[in-house]
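The values are calculated or read from the model by the stated rules, or taken from the named source; none is laboratory data. On a predicted model such as this, the values are computed, not experimentally measured, just so you know. For neighbour counting, all protein chains shown are included, and Cβ atoms are generated from backbone atoms with ideal geometry for every residue, glycine included. SASA here: full protein model, heavy atoms, side chains in, ligands and nucleic acids out. Shrake-Rupley method; radii C 1.70, N 1.55, O 1.52, S 1.80 Å.
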Amino acid sequence: MSDIKKSSKIILNQLKLDYRKSLIKVDMEIFQARQTGMNSKIQRYFNSTPLRNAFARWMVYAHYEDAFYTISQLVKEMSTNRQTISLMLNECEIENYIIVQRKGKTVGCRATLLLVKAMDEYSEWRKILIEKTIYQPYLDLKQFENLIKRSSDM
């Protein structure tokens, strides 16, 4: 193997390691934020379990899409059961975190502006976190991979 190929492999491996470490750092900071970010009732509820955390995302996504998720859709997409979804739905409706739409036997739900606002604040925090952790290592890795690809295409 030529010296350039060896050097390229060493650099690529280091860039991959830097990127992987930055991903892990993001996960660590998100975990810490979920453990300590219990300042409001809405944060305490949605940070209390991974399923509730995910449920918030489904609900806000429905709001952004101007749609409603049915219980059946949530059961399927979140790999859980009707009882669990129904319980969260009832708890969140009482707290005004979601809007529940009942049409015959079909129940649909999506986030209220209260939950959307909380998710928007989280998204802004997450954007800042990405900028300080993953962003540069990702760019460095992609640029180097593209450089290698271009040089091998020549």
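Can Arg20 be described as of a type outside the set (Val, Ile, Thr), open to solvent by 60 Å² or more (accessible area, probe 1.4 Å) and within 30 Å of Ile71 (Cα to Cα)? In short, no. Of Asn81, Asn90, Asn53, Asn96, all but one fail to be among the polar types (S, T, N, Q) and in contact with a Phe, Trp or Tyr (Cβ under 7 Å, 6 or more places away or on another chain); the exception is Asn53. Filtering the range 62-73 for residues that are within 13 Å of Met119 (Cβ to Cβ), assigned to a helix (DSSP H, G or I) and either open to solvent by less than 60 Å² (accessible area, probe 1.4 Å) or acidic (Asp, Glu) (or both) leaves a non-empty set.
Residues of the range 19-57 that are farther than 30 Å from Asp140 by Cα and either among the hydroxyl-bearing types (Ser, Thr, Tyr) or assigned to a loop (DSSP other than H, G, I, E, B) (or both): Thr36, Gly37, Met38, Asn39, Ser40, Tyr45, Asn47, Ser48, Thr49. Condition first: within 16 Å of Glu121 (Cβ to Cβ) and of a type in the set (Ser, Thr, Tyr). Now tell me which residues in the range 13-60 satisfy that. The answer is Thr36, Ser40, Tyr45. Working carefully through the options Glu124, Glu131, find the one that is open to solvent by 70 Å² or more (accessible area, probe 1.4 Å), within 19 Å of the chain's Cα centre (by Cα) and under 30 Å from Ile11 (Cα atoms). Among Glu124, Glu131, only Glu131 is open to solvent by 70 Å² or more (accessible area, probe 1.4 Å), within 19 Å of the chain's Cα centre (by Cα) and under 30 Å from Ile11 (Cα atoms). Restricting Thr84, Thr80 to residues that are open to solvent by 30 Å² or more (accessible area, probe 1.4 Å) and assigned to a helix (DSSP H, G or I) narrows the list to Thr84.
Yes/no matrix, rows are residues, columns are (1) closer than 14 Å to Phe46 by Cβ; (2) aliphatic (A, V, I, L, M):
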site: Ser72; (1), (2): no, no
site: Glu93; (1), (2): no, no
site: Ala111; (1), (2): yes, yes
site: Glu124; (1), (2): no, no
site: Ile130; (1), (2): no, yes
site: Pro137; (1), (2): no, no
site: Asp140; (1), (2): no, no
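Set side by side, the residues Thr80, Thr106, Thr70, Thr84 differ, and just one is within 23 Å of Asp27 (Cβ to Cβ), free of Cβ contacts under 8 Å to residues at least 40 places away in the same chain and of a type in the set (S, T, N, Q), which is Thr80.
Of the residues in the range 140-149, not one is surrounded by fewer than 18 Cβ atoms within 10 Å (Cβ to Cβ) and in contact with a Lys or Arg (Cβ under 8 Å, 6 or more places away or on another chain). Checked against (1) closer than 30 Å to Tyr19 by Cβ; (2) assigned to a strand (DSSP E or B), Glu131 meets all criteria but (2).
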